[in-house]
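The values are calculated or read from the model by the stated rules, or taken from the named source; none is laboratory data. Since this is a predicted model, take the numbers as computed values, not measurements. Methodologically, a virtual Cβ is constructed for each residue, glycine included, from the backbone with ideal geometry; neighbour enumeration extends over all protein chains shown.
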Amino acid sequence: MRVLVVDDEAAVRDALVRAMDSEGYQTRAVGDGAAALAEIGRWQPEVVVLDVLMPFMDGLTACRHLRARGDRTPILMLTARDAVADRVDGLDAGADDYLVKPFDLDELLARVRALVRRTYPDDGALLSTADLTMDTAAHRVRRGDREIELTRTEFALLEILLRNGGQALPRELLIERVWGRELGPSSNSLEVYVRYLRRKLETGDEPRLIHTVRGVGYRLGPS
């Protein structure tokens with residue numbers, strides 16, 4: 001689960017990143033609303049923790065921009081303003097929840113977990129395309145009647161492709177989702193693992209499922 005922290009105070013950002021990391025989230029942090037919009041477009045986080053009072057672009061404006069472009073990423077808004085009117089402004093701007101500073105980290109983490117449950121209720125459901133199915137909860141993959149053993153990295157890569165079935169996903173996005181910041185865009189690890197997956201998923205006369213999209217990346221689905 002990818003969480004973007006947006007706050008102009010370095011101490012607050014660092015504390016939130018440590019808390020999110022301790023929960024097992026992949027976390028990034030930026031210091032203003034404009035940087036947040038850019039990072040959301042690049043990284044596609046699944047939850048945003050967004051401060052209101054920031055330079056360059058405040059959290060309310062960033063939230064409105066995000067919703068105006070059709071992005072429904074869940075947002076937990078943070079602010080030192082505790083008046084009812086301020087909370088109403090945040091929710092009307094498109095925030096999904098609102099937490100007043102100073103806050104307890106345990107409460108913030110509980111609110112993030114609640115946002116995840118509400119927004120992604122089917123996270124453990126079966127994923128499928130053509131005759132390929134994945135059970136994310138049981139960590140099992142089948143193609144037709146054949147069960148396929150995958151490594152942790154192979155499973156993570158296939159899950160991303162399945163969750164975006166039919167879409168051409170840029171190689172840079174796939175590298176970030178699977179390996180985080182450990183690999184640069186020039187690494188050939190993605191191509192290596194795509195070959196591994198193809199060998200396991202596409203045996204004999206089985207139709208190809210993983211397609212190379214020239215100049216972009218990869219797409220999963222029937223031809």
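Please enumerate the residues belonging to region 143-169 that are modelled with pLDDT of 90 or more and either in a loop (DSSP other than H, G, I, E, B) or not assigned by TED's automatic domain parsing to the domain that holds residue 210 (or both).
149, 150, 151, 168, listed by residue number.
Return the residue satisfying two criteria in turn: it lies in region 34-67 and is farther than 25 Å from residue 164 by Cβ and among the acidic types (Asp, Glu), and of such residues it is surrounded by the most Cβ atoms within 10 Å (Cβ to Cβ).
51
List pairs: first residue in region 66-83 and without any contact (Cβ under 8 Å) to a residue 60 or more places away in the chain, second residue of a type in the set (Ser, Thr, Tyr) and surrounded by fewer than 16 Cβ atoms within 10 Å (Cβ to Cβ) anywhere in the structure, Cβ distance under 6 angstrom, at least six positions apart or on different chains.
Qualifying pairs under 6 Å: 74/119.
Residue 98 versus (1) assigned to a strand (DSSP E or B); (2) not assigned by TED's automatic domain parsing to the domain that holds residue 48: which is the lone unmet condition?
Every listed condition holds for residue 98 apart from (2).
Could you count how many residues in region 170-223 are in a loop (DSSP other than H, G, I, E, B), among the hydrophobic types (A, V, I, L, M, F, W, C) and in contact with a Pro (Cβ under 9 Å, 6 or more places away or on another chain)?
The qualifying residues number 2.
Output the residues belonging to region 68-95 that are in a helix (DSSP H, G or I), of a type in the set (Gly, Ala, Ser) and within 16 Å of residue 54 (Cα to Cα).
90, 93
Would you pick out the residues in region 68-88 that are under 30 Å from residue 174 (Cβ atoms) and surrounded by 15 or more Cβ atoms within 10 Å (Cβ to Cβ)?
Within region 68-88, 71, 73, 74, 75, 76 qualify.
Can you tell me how many residues within region 186-215 are surrounded by 13 or more Cβ atoms within 10 Å (Cβ to Cβ), out of contact with any helix residue (DSSP H, G or I) (no Cβ under 7 Å at 6 or more places or on another chain) and of a type in the set (Val, Ile, Thr)?
Qualifying residue count for the region: 3.
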